[in-house]
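Data first, discussion second: the structure below is written as structure tokens.
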Amino acid sequence: MQPALFLSDLHLSPARPASAAAFHAWARGPARDAGAVRILGDLFDSWIGDEQASEPFAADVVASLRALAGSGVPVGVMHGNRDFLLGEKFVRAAGVALLPERTVVDAGGVPTLILHGDELCTDDVDYQRYRAWIRDPARQRRILSLPWPVRRAFAAWLRRRSRNASRRKSDEIMDVNAEQVARAFRDAGVVRMVHGHTHRPATHAVDVDGVRRERHVLSDWRDRATWLEIDEAGARTRELAL
């Protein structure tokens, strides 16, 4: 059986041409041998509406996704905290499926919970307030109704706000909350979880209610192109040089 591939936090943007080149190489190469591909949020560093798909940089990313899906590999994309406005026009153009916030998939014969991961970071109270505010559907509709230049300025403001806030917070506050992780395992009824967001790649053994479980944290693509490959033999990290 072909492996399932999981990746997140690529933060693709024209300002990071090496990451974009690695993504296109990955989509033409290793991804073609996958049984399925799931991108768990923050494919783009910023997404301010599906009109963005007509811009040259985003159009190239969309074309790579469409070619990958057209080769017969199912591709799923999840909202992240940077590209939460990805919508149906993007989905149709790229030939991908938009995944729910929490999804259980089969990975190597093991039911596996996949999620972006930011909702697990509940110790960061300020961020969770912001998350609830920005994920409100009515507010998102209002944002999308704004003129394109206003949306672009708003996205730049959000990025500055996020960077400034992160500098003032400890690493512990911005990491996942252990009880939220345990609750997510219980709610999904699984023994494996894969998520991104924290940019702290690792595999954690977690005991929940006396059951040994595993939590895989995906890397961002800031200094390397990397993904998690899972099949019947287990989970492995793969990389491409930037």
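Leu12: hydrophobic (A, V, I, L, M, F, W, C), touching a residue at least 40 places away in the same chain (Cβ under 8 Å), touching a helix residue (DSSP H, G or I) at 6+ places or on another chain (Cβ under 8 Å) and under 14 Å from Leu218 (Cβ atoms), yes or no?
No, not satisfied.
Only residues that are part of a strand (DSSP E or B) and closer than 20 Å to Gly41 by Cα: list them for the range 217-235, please.
Correct list: Val217, Ala225, Thr226, Trp227, Leu228, Glu229, Ile230, Ala235.
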Single condition Gly109 does not satisfy, out of (1) over 17 Å from Arg82 (Cα atoms); (2) crowded, with 16+ Cβ neighbours inside 10 Å; (3) of a type outside the set (D, E, K, R): (2)
Residue that is surrounded by the fewest Cβ atoms within 10 Å (Cβ to Cβ), among those in the range 61-78 that are farther than 28 Å from Leu113 by Cβ and in contact (Cβ under 8 Å) with a residue 12 or more places away in the chain: Gly70
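Here is a yes/no grid of residues against (1) over 18 Å from Gly41 (Cα atoms); (2) without any contact (Cβ under 8 Å) to a residue 24 or more places away in the chain:
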residue	(1), (2)
Pro149	yes, yes
Arg152	yes, no
Arg160	yes, yes
Gly189	yes, no
His197	no, no
Arg200	no, no
Val206	yes, no
Arg215	no, no
Complete set of residues in the range 19-60 that are hydrophobic (A, V, I, L, M, F, W, C), surrounded by fewer than 23 Cβ atoms within 10 Å (Cβ to Cβ) and within 17 Å of His199 (Cβ to Cβ): Ala22, Phe44
Residues being out of contact with any strand residue (DSSP E or B) (no Cβ under 7 Å at 6 or more places or on another chain) and in a helix (DSSP H, G or I) - total across the range 168-211: 9
Qualifying position, being in contact with a His (Cβ under 7 Å, 6 or more places away or on another chain) and either surrounded by fewer than 12 Cβ atoms within 10 Å (Cβ to Cβ) or of a type in the set (A, V, I, L, M) (or both), among Leu146, Leu228, Leu240, Leu158: Leu228
Residue count, the range 14-29 (criterion: of a type in the set (Phe, Trp, Tyr) and over 19 Å from the mean Cα position of the chain (by Cα)): 0
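Only one residue in Ser170, Ser166 is touching a helix residue (DSSP H, G or I) at 6+ places or on another chain (Cβ under 8 Å) and closer than 23 Å to Pro201 by Cα, so which one is that?
Values: Ser170 fails: touching a helix residue (DSSP H, G or I) at 6+ places or on another chain (Cβ under 8 Å).
Every option except Ser166 fails the conditions.
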Residue that is nearest to Ala233 (Cα to Cα), among those in the range 121-141 that are part of a loop (DSSP other than H, G, I, E, B) and in contact (Cβ under 8 Å) with a residue 40 or more places away in the chain: Cys121
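Every number here is computed from the coordinates shown, using simple stated rules; none is lab data. Just so you know, these numbers come straight off a predicted model, no measurement behind them. Neighbour counts are summed over all protein chains in view; Cβ atoms, including those assigned to glycine, are modelled from backbone coordinates with ideal geometry.
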